[in-house]
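Read the structure below first, then the notes.
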Amino acid sequence: MFTRALASLFNLYNLLILIRVFLSWIPSINWDSQPFRWISSVTDPVLNIFRGIFPPISGLDFSPVVAILALYIVEGFVVRMSAGLGL
């Protein structure tokens, strides 16, 4: 049960990153209004880590792609560990 809930949290976070990406394509969005501020405040800390490593190239930000891949790797490791512990 715990393992499935943990995997669901990772999937939800990945979904929030994808929503953030799609919303960034809409230039008229005011990131200071809700719910956009909330989405930004939840996803930007992780994305900023990868933006520091992989800066935007020609205006294209690849940090969401790298973040999602990294989260899938971490998810696989954490979920396998929790399943191995019988959680």
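The values are calculated or read from the model by the stated rules, or taken from the named source; none is laboratory data. None of the values given here were measured: they were computed from a predicted structure. Reconstructed Cβ throughout: ideal geometry from the backbone, glycine too, with neighbour counts over all protein chains shown. Accessible surface areas use protein heavy atoms only, side chains included; no ligands, DNA or RNA. Shrake-Rupley method; radii C 1.70, N 1.55, O 1.52, S 1.80 Å.
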Exercise. Looking only at segment 42-56, which residues are open to solvent by less than 70 Å² (accessible area, probe 1.4 Å) and under 15 Å from TYR13 (Cα atoms)?
Worked result: VAL42, THR43, ASP44, VAL46, LEU47
Exercise. Restricting the search to segment 46-87, which residues are small (Gly, Ala, Ser), closer than 16 Å to VAL21 by Cβ and not in a helix (DSSP H, G or I)?
Worked result: GLY59
Exercise. Which of the residues belonging to segment 57-76 are surrounded by fewer than 16 Cβ atoms within 10 Å (Cβ to Cβ) and either hydrophobic (A, V, I, L, M, F, W, C) or under 16 Å from LEU15 (Cα atoms) (or both)?
Worked result: ILE57, LEU60, PHE62, VAL65, LEU69, ALA70, TYR72, ILE73, VAL74
For this session: Residues being exposed (fewer than 10 other Cβ atoms within 10 Å of the Cβ) and more than 17 Å from the chain's Cα centre (by Cα): count how many of those fall in segment 1-33.
Result: 7
Problem set entry | Number of the exception - VAL79 against (1) in contact (Cβ under 8 Å) with a residue 60 or more places away in the chain; (2) of a type outside the set (S, T, N, Q); (3) open to solvent by 70 Å² or more (accessible area, probe 1.4 Å) | (3)
For this session: Would you mind stating whether THR43 is in contact (Cβ under 8 Å) with a residue 60 or more places away in the chain, part of a helix (DSSP H, G or I) and of a type in the set (Ser, Thr, Tyr)?
Result: no
